[in-house]
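Just so it is clear, none of the values below were taken in a lab; they were calculated from the coordinates. Please read these numbers as outputs of a predicted model, since none were measured by experiment. When we count neighbours, we look across all protein chains shown, and the Cβ atoms used for this are built from the backbone with ideal geometry, even at glycine.
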Amino acid sequence: MSASGRGISSDDGEEPQRRRGEGVCTCPFCGLLCDDITAEASKLGVVAVSGRACELSRAGFSRQSAAGLDTPLICGQPAVLEQAVAAAAGILHRAGQPLIGGLGTDVAGMRAALELADRCGAVVDHANSSAKFRNLLAFQDRGAITTTLSEVRNRTDLFVVIGTDVASRFPRFFERVCAPGETLFDLRNADRRAVFVGAEPSAGAPPSETIPCARQDLPDLLSALAASIAGAKLAASHAGAVSMDRIRELAARMSAARYGVVAWAAADLDFPHAELAVQAIMRLLITLNRTTRFSAVPLGGNEADLTADAVLLWQVGFPFRTSFASGAANYDPYLFDSRRMLARREIDAVLWLSALSDLPVPATSDAPLILLAGPTAEAARRADVFIPVGTPGLDHAGHMIRTDKVMSLRLAPTRRPQRAPAAQILRSISEAMKSC
Amino acid sequence: MLSVLSGGRVIDPANGVDDQVRDIYVQDGRIIDPPQDAARAHRIDIAGRVVMAGAIDMHTHIGGGKVNLARLMLPEDHRGHARARTELTRASCGRAAPGTLQTGYRYAEMGYTACFEPAMLPVNARQAHLELGDTPIVDKGCYAMLGNDDYFLRQLAEGAEQARINDYVGWILDCTQSIAIKVVNAGGISAFKFNLRQLDVDQEHPYYRVTPRRVLQVLSRAVHDLGVPHGLHVHGSNLGVAGNVESTLATIAAAEGLPIHLTHIQFHSYGREGDRKFSSAAARIAEAVNANPNVSCDVGQIMFGQTVTASGDNMAQHRNADLGSPRKSVVMDIECDAGCGVVPFRYRDQSFVNALQWAIGLEIFLLVRDPWRIFLTTDHPNGAPFTSYPHLIRLLTDRSFRNDMFQKLNPEAQAASTLGSLTREYSLYEIAILTRAAPARTLGLADRGHLGAGAAADIVVYREDADRERMFATPEYVFKDGELIVRDGRLVKITSGRVHAVKPGYDRSIEAHVADYFERFQSISAASMRISADELCECGSGLIVHDCRKGAA
Amino acid sequence: MSLTLTLKNAPEVPLEAEAISPERLEGMSASQAAGVAVLYGNRQAQLGDFFGIEGTGDGELRVVGDCGRVKRIGAAMSRGRLLVEGHAGMHLGVGMSGGAILVKGDAGDSVGMEMLGGLVVVEGNAGHLLGSTIRGGRVGMRGGEIIVHGSVGNETGSGMRRGLIAVGGDAGDFTGVNMLAGTIVVLGHLGWRSGAGLKRGSIVSGRPAEILPTFRYACAYRPVMLRLVLAHLRQRGLPVSDAQLRGRYRRWSGDAVETNRGEILLLEQ
Amino acid sequence: MQVNGVAVEDTFAEAFAMFGARVLITADSEKWAMAAARSMTGFATSVIGCKCEAGIERIVPAAQTPDGRPGVTVLLFATSAESAGKRLVERVGQCVMTCPTTACYNALPSDTTVVVGGLLRYFGDGYQAAKLIDGRRFWRVPAMDGEFVVEESFGVQAAIGGGNLLILGEDTAPTLAAVEAAVDAMREVQGVILPFPDGVVRCGSKVGSRYKTVIASTNDAYCPTLRAVSSATRLTQEIGCVLEIVIDGLELGQVEEAMRRGMKAAARPGVRQITAGNYGGNLGQYKIGLHALMSGT
């Protein structure tokens, strides 16, 4: 039994979920975790979603439920599960500095991954962590003032959206916070406004204006905005290509809002010094909240990055980029950046877990690769060991945490299980390591 | 298997046993009466040792979103407090906001066998249970936070009848697998979302026009009507504000005789006298507690050093953010349900305010007469990490030690406190009440907190030591449900605890109304709120349901 | 006679060797030192597995060979002298509070991270995060001096609270980001967005640089304080020209996002 | 004893324990460093009337100052470390901080220190900033020509005040010539200053007077005009003019060396006797015997 408690997710083919009418279920394919979509499984187990499901959801369910690789491979050759598990255990046992990465998985999968990491002295990092750290570094330095979807839905009169169209990563964001039209208070949908900075407005957004800005200039623009909100007189005429007058005007609008939010997707802040942009946002929120209410809505959680990070945090105390090499946990977001370590050949074995999609496996140079993934795993054949794993919310139940880090939802299976949960595979690798 | 702890000095206040030498028989995880075939029992000789039931921390923030935010914010604090893996235990970190593994291990090493998370947001219940499921060995339980959620306030504003409220409260307890109801800064967290920065007990909520007093009345009534053993768990208004003694006394009055529990009361016992406009109101508070048998409290003692404050009271936390050290903070509005705020804090013994806070906590401990109505807490981690309990026990049981500590503090604070003149010293029997018998009784854990036949075999054996801090820091034996898990302060077995909850009866027809509300205003369906007993197992914990008070509605 | 460590087996995964510090090996014979524990990836190993060792520990330590994959050399050291004849890996002298480290070659990332005192001199180049905080922490270097004759990477002196960092060559982006106080002198070019989040403290460069819009130009003058710093660096062996010592500097105040009490001083060309 | 035919009386100079500090003033040019130094050492002839005694010690070439600019060192002496600190704050604040382009550094390493820059910094009204270089803390105080840099604290050490020589001559001209020569010679010695106008004092004083409010009064024993009326007179009829040189120094040896050189230089035609003032050895902690000084050479 693991030290982290018992009864991890049930993998005994629980009845597909029945809630609020036939086949209503929760979607694991973005950080919004919509719990109002309808899924139906064909005889072959192909799951089609309908109702309010977005394109990401439809694509995700059909991709992960499609026929494909469903037998373990050792160096590209079919193998039985026991052999594959033993081979994986052997690789990890021999490794001097293994990486457990990818980590697109649910709570149960992450629990098992951490038990394994603890046993084999691995470094743990998530495929999305470079995006996540754009937020985290500012957060750990200053903290944050944030809010959640229901608050936004009922209170937000001004959206300031930074460097993302929102829709391409979180298709239903505006639908879910604005579309209902009805709010708890006297706020009407018609009262809402949005400003898109450095991005085009997405469908479903409230009446919007756009402030064009090259993405790599966002840190300067946001810093100037923060300074203006704090009342500083800046000599510069522009920040990036945006005139200071425009920035001062936005500052005034934000100060006048009753319950504004700044929304961004760290994944879209893909330029140098993005953390400075986030830091400036945190700074201006501190100033704004001296006189009004204004909060951050950092959009994330895709590929379960927030879920996996939360489990690591609560079990160990540190977020990603934590190493168990010495036997004790050691956190350093630069030192244990898996991409940096791989590039510098500091890793000599990789276990890559991708249960929700096919997260691209980074170049592992000559380090052996253990791949735990779904039916479309592109790297399966070049992996030293490939073991197919199920998708939470499809093959098995699971838990995931939503973009706002507060709501966590249960994903019930939407078809009879065809692949084993990652948690189960990882636990058997841990077991096998005991006998190495 | 049958075993017997033989020859120990038993201290078991729930059964009126004060330091009597008795044998304790354990079979299948339970304490039993001496059986006929006692001879075959596996004998553990503990002659001369002090035996108590497993300790129960009835107010400790160990799981849920705000704790995870605190963990995330304090890599600096974790670094110094890393626990390396062993063949038995896993690596984990932290002191102020430890990882769940560290939390379970440390509590068990200190002889604690049950811990209660007192501020679980209903919308965050699932994560709280996931975290508690990863907290080994100890049993857990949660208090669901109400009183700032818009459903409740809306019902109140619309003048819904008490019975309706009761059903909603029952539904919340049921679907979040909780054991009690807590209210935090009644109405204040919601008011903060309307940009109010303070809300007094008789001040109207800016939108719903209801007062905190009303919220307290209705919720304490609901908890009482439903027969929930633990009275309404109240985190008062104006936490940490000089002069908040008035709000605290008003809160006691608002209960109108119904059972309420005032939590971390130290933070609510401040006057406004003196040059610094900050003074101890411990005497007035203790007097009120002594005079109102319906009131119980836990202290929330502070200790000096680095910790982190994590609270649902984001109104107060936003107020305190600039006092934080290291200077960073998280303030969060949450799902039209509540909020949370996290501010790292460093209490300094040469700071007038901090030193006086320390003294106020101890004054309350020593001035409240009935040990059954006061509980030993630091409001972990808000006053100090739970690992400081043995030190706190020594402060309570050893007057000269207490005074030595007192004399090291900021001199002005010493002058402003009566602590030096308080001669009371807690006995081991009283300590056992504060840390075992009373918490079990107030929470309705019939089979915990005592050593009588039928009780779960959560048993702690201490070596007698005049230095109570040393004595309570490393028990010689700790048994959880009959299994030996700690020997000489070292873990020898890792088990997983269960979750204690209550299931009061309520009219299920409320669910349709709640479902409609969620459909119209919330970001998830009401169905997604429900955590079944099976799901609780997925989270990592079995469920123990305790009876509600007989004769309740 | 001091202790000399000569690298004989280059590690494949990084070797964590904070044991390579004068005080840790003080009074040890060569064979005793060879038995000192180091962390090789996720395995315990011994200094002797990687280094040939001669002499006895007397508070002076010589390390010979390309130690580019040896991390934490001189970490947390508080006294003594450490000479690296070759390259040094990441985390050289992290958290050191006293003593002196001289590296004849290059040093990796995070030299003198969260350093409290003492002196580090790197005659070659150094990597990113020199004298910085462990990312995610708030306070970086708290005292002491780091002098690099070559160039350094990004985020030099991030979160720095006190002390002196001097770079003979160029510095990368984000130099002095979130700096609380202290002094960073870069005789060459300053990278992009230097001084972002600067609270107090001084960032000096001998070349023109792009300044953030949240900094405001004050004046051109000859800061006596800078002459003190540069004269001191000259004594330390850094080639400071008379033009740099006596020159006029353009003063920019910022960062307006923060307390606006920091300065960037750029030598007038 | 005779030096170059001038009688040196077998007596001693009686000197007092004081506390001394050494201040280095630099500026863009020697002119301005000297201007600040002169201003700072003005009205500092005697602790009795000026609360401290101060003088310019020497000019320091640019190559030897911490900021590479020309400098001047000033020595300041007072009756206690605390008093020395107060005087430094007053005089550095009023005379150095105010003087264009100057900076002010401690030039006396000592375990005892007094805070100077640490108090003057408040003139910066919140705009001041500190810098720590090689273990020394400096304050930058914004000023209209840029900024004034002053060290946080200055060393003070036990020192000697009131070393003296009395030059007894036949007439004013030769006596002045003798003391001028003596002063030039004594200023070669480091660590000493001669606090009186260009190093010379003509109204040597004795302790007390016939008026009880006056603590020191004219040294009638050496006033030629009073030879016939004062019973205390120490003069012969050939003496027409007496001038005194007072020496303060950081070390006893430095004071002695200065006196030795002074006596040598002053021993010239027209001078009849060289002696020193004392109070019978009842007041001062140091007795510097003139013969002992000269027999060394």
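Tabulated results
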{"read-out": "5 Å-binned pair-distance histogram of chain D (Cα, whole percent)", "value": "1, 6, 12, 15, 16, 14, 11, 9, 7, 5, 3, 1, 0, 0"}
{"read-out": "Chain A: angle of helix A:55-65 to the longest principal axis, Cα-based, in degrees nearest 10", "value": "0 degrees"}
{"read-out": "Among the listed pairs C:Lys104/C:Lys199; B:Lys182/B:Lys328; B:Lys66/B:Lys480; B:Lys328/D:Lys86; B:Lys193/B:Lys328, those beyond 30 Å (Cα-Cα)", "value": "C:Lys104/C:Lys199; B:Lys328/D:Lys86"}
{"read-out": "DSSP beta bridges in the protein assembly as shown [antiparallel fraction, %, rounded to 5]", "value": "55 percent"}
{"read-out": "Helical segments meeting 15 Å axial Cα length and Kyte-Doolittle -1.0 threshold in chain B (DSSP H)", "value": "B:162-175, B:212-225, B:352-367, B:510-521"}
{"read-out": "Shielding of C:213-219 by partner chains, average beta-carbon count, 10 Å", "value": "6"}
{"read-out": "Range of Cα positions in chain C per principal axis (Å), largest first", "value": "61, 36, 25"}
{"read-out": "12 Å beta-carbon shell around C:Arg43, net charge (K/R +1, D/E -1)", "value": "-3"}
{"read-out": "Cβ-based exposure ranking for D:Tyr122, B:Tyr168, B:Tyr25, in which fewest neighbours within 10 Å come first", "value": "D:Tyr122, B:Tyr25, B:Tyr168"}
{"read-out": "Formal net charge of residues neighbouring C:Leu129 (Cβ-Cβ distance under 11 Å; K, R +1; D, E -1)", "value": "-3"}
{"read-out": "Distance from segment A:25-64 to segment C:126-160 (C-alpha centre basis), Å", "value": "48 Å"}
{"read-out": "Helix C:224-235 vs. chain C, principal-axis angle (Cα, 0 to 90°, nearest 10)", "value": "30 degrees"}
{"read-out": "Cα gyration tensor shape for segment D:181-252, rounded if a/c is under 1.5, else prolate or oblate", "value": "oblate"}
{"read-out": "Centre separation in Å (Cα based) which lies between segment A:280-341 and segment D:204-270", "value": "82 Å"}
{"read-out": "Neighbouring partner chain Cβ atoms per residue of B:524-535, average, 10 Å criterion", "value": "4"}
{"read-out": "Environment charge at A:Cys54 (Cβ cut-off 9 Å; Lys +1, Arg +1, Asp -1, Glu -1)", "value": "+1"}
{"read-out": "CD proxy at 222 nm, helix term only [per DSSP H run n ≥ 4: -39500 (n - 2.57); per residue of chain A; nearest 500]", "value": "-9500 deg cm²/dmol"}
{"read-out": "Packing rank of B:245-256, A:244-255, where each peptide gets the mean count of other beta carbons within 10 Å, highest leading", "value": "B:245-256, A:244-255"}
{"read-out": "Beta bridges per DSSP with both ends in chain A, % antiparallel, nearest 5", "value": "35 percent"}
{"read-out": "Residue-by-residue Karplus 3J(HN,Hα) for segment A:389-399, coefficients 6.51, -1.76, 1.60, Hz, glycine and proline x", "value": "10, x, 10, x, x, 10, 8, 8, 6, x, 10"}
{"read-out": "For segment B:133-163 and segment B:219-258, distance of Cα centres in Å", "value": "15 Å"}
{"read-out": "At 0.890 mPa s and 25 °C, Stokes diffusion of segment B:140-225 via Kirkwood alpha-carbon radius, µm² per second", "value": "190 µm²/s"}
{"read-out": "Packing-based ranking, highest mean first, of B:493-499, C:51-57, C:172-178 given that Cβ atoms within 10 Å are counted", "value": "C:172-178, B:493-499, C:51-57"}
{"read-out": "Estimated distance in nm for a label pair at B:His42 and B:Glu425, the labels positioned 7 Å out from Cα along Cα-to-Cβ", "value": "3.9 nm"}
{"read-out": "Kirkwood Rh and Cα Rg combined as Rg/Rh, the protein assembly as shown", "value": "1.06"}
{"read-out": "Farthest toward positive dipole pole in the protein assembly as shown [+1 Lys/Arg, -1 Asp/Glu at C-beta], among D:Gly249, B:Tyr151, C:Ser151", "value": "D:Gly249"}
{"read-out": "Order of A:Asp348, A:Asp305, D:Asp184 - criterion: other Cβ atoms within 10 Å of each residue's Cβ, fewest first", "value": "D:Asp184, A:Asp348, A:Asp305"}
{"read-out": "Cα-based shape type of segment B:55-443, given that a ≥ b ≥ c are square roots of the gyration tensor eigenvalues and the cut on a/c is 1.5", "value": "rounded"}
{"read-out": "Helix-only CD estimate at 222 nm, as mean residue ellipticity for chain B, using -39500 (n - 2.57) per DSSP H run (n ≥ 4)", "value": "-9000 deg cm²/dmol"}
{"read-out": "Degrees separating the helix D:81-91 axis from the principal Cα axis of chain D, which is the longest one", "value": "70 degrees"}
{"read-out": "Cα-Cα P(r), chain A, percent of pairs per 10 Å interval", "value": "5, 21, 29, 24, 15, 6, 1"}
{"read-out": "Mean residue ellipticity (222 nm) of chain C, computed from DSSP H runs ≥ 4 via -39,500 (n - 2.57), nearest 500", "value": "-2500 deg cm²/dmol"}
